[in-house]
1. Dipole magnitude of the chain about its Cα centre, charges +1 at Lys/Arg Cβ and -1 at Asp/Glu Cβ only, in debye to the nearest 20?
2. Can you check what the net charge comes to around GLY343, using other residues whose Cβ is under 15 Å from the Cβ of GLY343 (Lys, Arg +1; Asp, Glu -1)?
3. For the range 133-234, what class follows from the C-alpha gyration tensor (a ≥ b ≥ c being the square roots of its eigenvalues): rounded when a/c is under 1.5, otherwise prolate if a/b is larger than b/c, else oblate?
4. By DSSP, what percent of the beta bridges with both residues in the chain are antiparallel, rounded to the nearest 5?
5. Between ARG235 and LYS112, how high is the FRET efficiency from 1/(1 + (r/R0)^6) when r is the Cβ-Cβ distance and R₀ = 22 Å? Nearest 0.05.
6. Please report ASP58, ASP263, ASP410 as a ranked list, fewest other C-beta atoms within 10 angstrom at the top and most at the bottom.
7. As an exercise, find the ratio Rg/Rh for the range 299-448 from alpha-carbon atoms, using the Kirkwood inverse-distance average for Rh.
8. Rounded to the nearest Å, what's the spacing between the alpha carbon centres of the range 93-133 and the range 160-206? Just the number, please.
Amino acid sequence: MADDHGHAAHAGLDYLSELPQARPHIHETRKFPDGFLWGSATSSHQVEGGNNNNEWWDWEKIPGHILDGTVSGRACEHYTRYEEDFDIAKSLHQNAHRLSVEWSRIEPEEGKWDMDAVIHYRRVLEALKARGMKVMLTCWHFTLPKWFAAKGGWESGEALRLFDRYVSFLAAEYGDLVDIWVTMNEPMVYLVQSYGAGIWPPGATNPLRNVHVFGKMCLAHKAAYRSLHRILDSRPGVNAKAMVGIAQNIITFEPYRKQSIRDGVFVWFADKAFNRQFFIWTKGTHDFIGINYYFHYRIKYVPTKIEQLFYEVHTENREVSDLGWEINTQGIFDAIISMSRYGKPIIITEHGVANADDGKRPRIIVAALKEIYHAIQSGVDIRGYFHWSLMDNFEWEKGFSGRFGLVAIDYVTMKRTPRRSAYVYADICKANGVPHSLLRFMGHGVRW
Ligand code: BGC
């Protein structure tokens, strides 16, 4: 017999109401280490607006390149509204912020520094410092100045020298204001999108060019790492303790068919090539490992799918984000444990979800932090968590349709409105841990 709710009636066993008592759990806040960085992340082209001097500006205008037909245009007008945005971050108890400077603004023509832009970014970084926030600065987050792209971008024979000069300039200008340096964001994602799938500029699909650029980016990072340290470590008054690394998109791969040796081998290969090869070739030039976590791929090896690099990703009917990406918060634990092999501190440089109605984001934040908490308990030195993103922004080839913000943006009025998740995250930042009450987002009575 079943009751109105379909529950089977068992004599003497009211299991639903007994559950919390049956499974006692701790009511204290799950504390993170002292000094843990709680922040959010953005990148210049995605939020600033008016970045008309990089190669994306022209690329976006070509029909078919941006899925929803939008262009970055005014974006979030963060270039002029950064004070307001940092006030919001501060009011949400964030103690750190990750942002990027736009190379095409700082060096609009080869070898010419635009001092207005240089001073602008100094003010931006000072605005964070004035709010008592730690600064993580990304030197390059996917966009190339038009003049650099015209030379062949990363394929140019001059790429290493030009990137190194740019990064050295940043170190000299902003060394006193930056706590953590990210030389480049997600080199592997850039390679896949720009030289594999061809859906980002320069739109190439050539494996040889891909491998060539991979090698170049490894060398570029190594040179940038050394230049940053040479400049930062030798200048009196400059932050000698600054850490330098990259933000790497880590995908947790899993064989779709557990019994398939071919799927298993492919997973091993994909993990090595995508997640680890960059670190192997740039060994010794990472003070920390930056993890951007979004993807769990259950992959099936398909030998005939040459154009898809021989694999298919399966989500079946699992929970996905607004962009169709599988939600797998447990994967962040595996990503951290895997990357802890390098024996360096780990920073979650990005983690987030496209979720316009915010129905999932609070739970996803709590669930991911549960995993991060456990990774810390397992002995991994994790220094911070930066949610992607502070606000909705221009999601590359997806345009403005992917809504990743803790803060919603009305793109007509430019009004900023914190979502419920922004307040959930604020309570976590304030408590330096996850208050017990927030476990309700995952089901009260869950033990961890
Ligand atoms: C990138 C961001 C992007 C985010 C969400 C990361 O791969 O660094 O630029 O907006 O993921 O897709």
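Each reported figure results from applying straightforward, stated rules to the coordinates on display, with no laboratory input. Note that the structure is predicted; figures quoted are calculated from it, not measured. Don't worry about glycine lacking a Cβ; one is built from the backbone with ideal geometry, like all the others, and counts go over all protein chains shown.
1. Working: 52 positive and 52 negative charges, 229 e Å.
About 1100 debye.
2. Working: positive: ARG276, LYS283, ARG341, LYS344, ARG383; negative: ASP287, ASP381.
Around GLY343, the charge tally is +3.
3. The shape class here is prolate.
4. If we restrict to bridges inside the chain, about 25 percent are antiparallel.
5. 0.35
6. Lowest count first: ASP410, ASP58, ASP263.
7. 1.00
8. A separation of 16 Å, based on Cα centres.
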